[in-house]
Amino acid sequence: MILALLQAPVATSHVETLAPVVLALAVILAAAKLGGDIAERIGQPAVLGELVVGVLVGNLSLVGVDWLQFITANATIGVLAQLGAIILLFEVGLESTVRDMMQVGARSLVVAVLGVVTPWALGWWVGALLLPNHSVYVHAFLGAALTATSVGITARVLKDLGRSQSPEARIILGAAVIDDVLGLVVLAAVAAVIAAVNSGAALSYGALALVFGKALVFLIAALSLGVAFSPRLFSFASRLRGRGVLLATALVFCFTLAWLASAIGLAPIVGAYAAGLILEDVHYRDFAVKEELQLEELIRPISSFLVPVFFVLMGMQVDLSALMRPEILGLAAALTVAAILGKQACALGALGSKLDWLSIGIGMIPRGEVGLIFASIGLTLVVSGEPIVDSATYSAVVIMVMLTTLITPPLLKWSLGREAGRGKRER
């Protein structure tokens, strides 16, 4: 009966247009929360469970259950997933501030730069080696996808072990802010170059430098002007009567910067992340009397709704049958190795000090939600009508994201435990 309803001709009535959307949301949210609960019970981040359950739901057709395929084809669900990605990057940005970014120190800066340049080069090389028949744009995108770091997973492990205030933790968390900024610049530049080529523009070193420059200028201008403008915006908004003004103002700020990024040819998530970095408590202190909750707490219900839609939908687009092909399975394994080794270059930034360089390198490994957003952008890029990232390559990238997210907590616990044990023996 359900299959017949889903396959019925599209009606013009509002109810029949809405019905598939609400059913899709019911399936996605239920699956996401079940998957997240299972992941948390085994000591893994909920995001991993949401992604895995999406992979399972999306591949039920392999066992003859194909009525859920309407979810990935629904345009409204796709838009909600993209909004989820914007809200997610806004939240990631809110965890840091521009002041934090400016105070990371030289060592954290070196760690961050090494953690972007090396994975990008290794990812490009793996793409060129294993996908020789694909264009150079595919190779460049694979490199860009490896630059991401999901420091939230590392931060949780450090907190659980009581090491969140250690020198290594400060280096990792400081470097991760710069790492995200540089990674977004790389991704934005690669995506903009691909979009320019698709429109027929000639590619030259000058054009490439212009794209990178545009991404850097946007971020620098957005951060500089935003820090100066946002306190005035929130001060004015605090005079408005009614409920939810702080949340609405923050979302206006986020969506405006996301639109501005898109308007100049960058990914909207770049603007959303910049908006999160700009905002800090002091900007909206005038709301302290009116609002009982902090901005992070106000945004959480929206995030709890939209972000699982993004994760589950991205998981549903993984083609497990493609992983039965040796070359795709080999690509997933090679990308995972490159992702791990690339971030170990971060450890070079700790040489010459008494810091635990191995723990720093391991702490930068997980790609998590940020890596998944990078992968999702690849699905939207085309050249001459052909997608840059096909379903098989996308599946390999998602497997890399899942594996790097999965292995980091136990590896980091082992590494920090090893260092703690060594310290006790020396005493």
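The values are calculated or read from the model by the stated rules, or taken from the named source; none is laboratory data. Model, not experiment: these values are computed from the prediction. Counting neighbours? That spans all protein chains shown, and the Cβs are built from the backbone with ideal geometry, glycine included. For the accessible areas, the whole protein counts, side chains as well, though only heavy atoms, and no ligand, DNA or RNA atoms are used. Shrake-Rupley method; radii C 1.70, N 1.55, O 1.52, S 1.80 Å.
Spin-label point model (7 Å from Cα, Cβ direction): what's the ALA263 to ILE407 distance in nm?
4.4
What does the accessible area of GLU40 come to, in Å² to the nearest 10, when a probe of 1.4 Å is used?
Approximately 100 Å² for this residue.
Compute the Cα gyration tensor for segment 50-205, then decide on rounded, prolate or oblate, letting a ≥ b ≥ c be the square roots of its eigenvalues: rounded whenever a/c is under 1.5, prolate when a/b is larger than b/c in the other cases, and oblate in all that remain.
Numbers: a/c = 1.90, a/b = 1.25, b/c = 1.53.
Since a/c reaches 1.5 but b/c is at least a/b, the shape of segment 50-205 is classed as oblate.
Translational diffusion coefficient of segment 38-113 at 20 °C, 1.002 mPa s, Stokes-Einstein with Kirkwood Rh over Cα pairs, in µm²/s as a whole number. Write out the running numbers ahead of the final one.
Working: Rh = 16.0 Å.
After rounding, the answer is 134 µm²/s.
Looking at the chain from every direction and averaging, what is the projected area of its Cα convex hull in nm²?
It is 23.9 nm².
May I ask you to compute the full-extension gain from VAL27 to VAL136, defined as 0.36 nm times their residue separation minus their alpha-carbon distance, rounded to one decimal in nm?
Result: 35.4 nm gained on full extension.
Just how large is the dipole of the chain about the Cα centre, in debye to the nearest 20, putting +1 at every Lys and Arg Cβ and -1 at every Asp and Glu Cβ?
1100
Which helices, taking whole DSSP H runs in the chain, have alpha carbons extending 24 angstrom or more along the helix axis plus mean Kyte-Doolittle at least -1.0?
What comes out of the filter, once short or polar helices are dropped, is 14-41, 75-94, 105-130, 167-198, 205-237, 245-263, 295-316, 326-344, 391-426.
Would you grab the residues whose amide H sits under 5 Å from the one on VAL383? Only those 5+ places off in sequence or on another chain, please, with H modelled 1.01 Å from N.
Correct list: ILE388.
Which order do you get for MET400, MET324 if you rank them by accessible area with a 1.4 Å probe, largest at the top?
The most accessible residue leads, giving MET324, MET400.
Net charge within 11 Å of GLY58 by Cβ-Cβ distance, Lys/Arg positive one each and Asp/Glu negative one each, not counting GLY58 itself?
Details: positive: none; negative: ASP66, ASP319.
That works out to -2.
Just name one of ILE377, LEU60, THR336: the one whose Cα is farthest towards the positive end of the charge dipole of the chain (beta-carbon charges, Lys/Arg +1, Asp/Glu -1).
THR336
Between beta-carbons, use under 12 Å as the cut-off and find the net charge around ILE269, counting Lys and Arg +1, Asp and Glu -1.
Once all neighbours under 12 Å are counted, the net charge is -3.
Calculated FRET efficiency, ALA19 and LEU62, Cβ-Cβ r, R0 22 Å, to nearest 0.05?
It comes to 0.25.
Return, for the Cα atoms of segment 204-278, the radius of gyration and Dmax in Å, separated by a comma.
Reported Rg and Dmax, both Å: 14.6, 53.
Inverting the mean 1/r over all pairs of different Cα atoms, compute the Kirkwood radius of segment 234-338 and quote it in Å.
Radius from the Kirkwood sum: 16.9 Å.
Heavy atoms only, probe 1.4 Å: what % of the accessible area of the chain goes to carbon and sulfur, would you let me know?
C and S fraction of accessible area: 67 percent.
Can you tell which of ALA272, SER262, ILE28 lies farthest toward the positive end of the dipole of the chain, using +1 and -1 charges on the Cβ of basic and acidic side chains (Lys, Arg; Asp, Glu)?
Of the listed residues, the answer is ALA272.
What accessible area per residue comes out for the chain, rounded to a whole number of Å², with a 1.4 Å probe?
Values: 19540 Å² over 427 residues.
Using a 1.4 Å probe on heavy atoms only, each residue of the chain averages 46 Å².
Just to be sure I follow the rule: in the chain, considering lysines 8 or more places apart or on different chains, how many pairs have Cα atoms under 26 Å apart?
For the chain, the number of qualifying lysine pairs is 10.
PHE255 accessible area, nearest 10 Å², 1.4 Å probe?
PHE255 has an accessible surface of roughly 80 Å² with all protein chains in place.
Along the Cα→Cβ direction, 7 angstrom out, place labels at GLU327 and VAL382. What is the inter-label distance in nm?
Taking the simple label geometry, GLU327 and VAL382 are separated by 2.3 nm.
I'd like the Kirkwood hydrodynamic radius of segment 115-228, using the inverse of the mean 1/r over distinct C-alpha pairs, in Å. It would help to have the intermediate numbers written out before the result.
Numbers: mean 1/r = 0.0627 Å⁻¹.
So the Kirkwood estimate lands at 15.9 Å.
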